[in-house]
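Enquirer: Please see the structure below; I have some questions.
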Amino acid sequence: MKKKLLAEFIGTYFLVFAGPGSMVIDDITKSITHVGVALTFGLVVMALIYTFGHISGAHFNPAVTIGFMVRGEMTARNSLYYIVIQFAAATAASYTLYLLFGNIANLGATLPYSTEGQSFVLEFILTFVLMMVILGSAVHGKAIKSFAGIAIGGTVGLMAMFAGPISGASMNPARSLGPAIISGVTQHLWLYLVATVLGAITASLTYKLLHE
């Protein structure tokens with residue numbers, strides 16, 4: 001379990017360091033662009049899945065961990081360990097960005113462009129689709145698992161590309177919590193904690209119905 005938790009910490013840390021970090025650097029230099037930020041998220045997820053997938057399952061996301069717990073593939077105790085380490089890593093990554101650059105662009109915090117309700121529904125749908133892709137590409141017995149990293153990373157990049165300007169395209173409570181806590185912009189945080197978890201749980205239950 002220690003190796004798995006270390007892998008989850010390193011993976012979640014670098015996900016939050018690189019993804020929200022690209023938003024911070026784009027705000028400073030205006031050189032990365034929205035498309036570049038979306039590609040950064042997709043590419044870092046893909047790289048981390050191939051690096052740590054065989055060690056910890058490469059969750060890096062409390063919503064995904066809860067989705068696997070609902071499926072009975074993780075115990076509640078181990079899931080709690082994963083979630084705590086993911087939140088700790090995300091917070092540590094955001095603090096690193098703060099030390100390097102200051103509180104620029106709210107450290108890449110996810111914020112709704114319009115109403116919380118709009119972003120809640122969007123985050124629910126995005127996380128639902130992401131969890132379905134994870135289950136279909138990395139878990140199903142007939143899946144070509146060597147391509148799982150490309151499928152999942154591509155999905156994250158796609159979601160960030162089209163939904164990022166509206167909801168932030170979080171799909172990940174840890175990715176939202178770290179920047180929010182360190183930047184102090186926490187008023188919308190509940191949205192990204194609740195909608196993403198509900199989306200992952202619903203996807204896990206739906207996938208079970210599809211493959212019973």
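Enquirer: Taking the stretch 65-79 as the search range and keeping residues that are of a type in the set (Val, Ile, Thr) and in a helix (DSSP H, G or I), which one is surrounded by the fewest Cβ atoms within 10 Å (Cβ to Cβ)? Even if it seems obvious, please write down each step before you answer.
Expert: Taking the stretch 65-79 and keeping what is of a type in the set (Val, Ile, Thr), we get 65-66, 70, 75.
Filter once more, so that each one left must be in a helix (DSSP H, G or I): 65-66, 70.
Details: THR65: 28, ILE66: 24, VAL70: 19.
Top of the filtered list is VAL70.
Enquirer: Quick one: TYR192 ticks every box in (1) within 13 Å of the chain's Cα centre (by Cα); (2) not in a helix (DSSP H, G or I); (3) not hydrophobic (A, V, I, L, M, F, W, C) bar one, so which box is it?
Expert: (2)
Enquirer: Step by step: first the residues of the stretch 80-123, then only those that are among the small types (Gly, Ala, Ser) and not in a helix (DSSP H, G or I), then the one that is most open to solvent (accessible area, probe 1.4 Å). Which residue is that? Even if it seems obvious, please write down each step before you answer.
Expert: Residues of the stretch 80-123 among the small types (Gly, Ala, Ser): 88-90, 92-94, 102, 105, 108-109, 114, 117, 119.
Next, from what is left, pick out any that are not in a helix (DSSP H, G or I): 102, 109, 114.
On the way: GLY102: 22, ALA109: 13, SER114: 69 Å².
So the residue we want is SER114.
Enquirer: Go through GLY53, GLY36, GLY21, GLY57 for me and flag whichever is more than 19 Å from LEU158 (Cβ to Cβ), at pLDDT 95 or above and over 13 Å from the mean Cα position of the chain (by Cα).
Expert: Checking each option against the conditions leaves just GLY21.
Enquirer: Can you confirm whether ILE150 is among the aliphatic types (A, V, I, L, M), open to solvent by 60 Å² or more (accessible area, probe 1.4 Å) and either at pLDDT 95 or above or outside any loop (DSSP other than H, G, I, E, B) (or both)? First the steps, then the outcome.
Expert: Working: among the aliphatic types (A, V, I, L, M): yes; open to solvent by 60 Å² or more (accessible area, probe 1.4 Å): yes; either at pLDDT 95 or above or outside any loop (DSSP other than H, G, I, E, B) (or both): yes.
Taking the combined requirement at face value, the residue satisfies it.
Enquirer: Out of (1) within 20 Å of HIS34 (Cβ to Cβ); (2) part of a helix (DSSP H, G or I); (3) of a type in the set (A, V, I, L, M, F, W, C), the odd one out for MET171 is which?
Expert: Looking at each condition in turn, MET171 falls short on (2).
The values are calculated or read from the model by the stated rules, or taken from the named source; none is laboratory data. Model, not experiment: these values are computed from the prediction. Note that we place each Cβ from the backbone using ideal geometry, even for glycine, and neighbour counts take in every protein chain shown. Quick note on the areas: whole protein, heavy atoms, side chains included, nothing else; ligands and nucleic acids left out. Shrake-Rupley method; radii C 1.70, N 1.55, O 1.52, S 1.80 Å.
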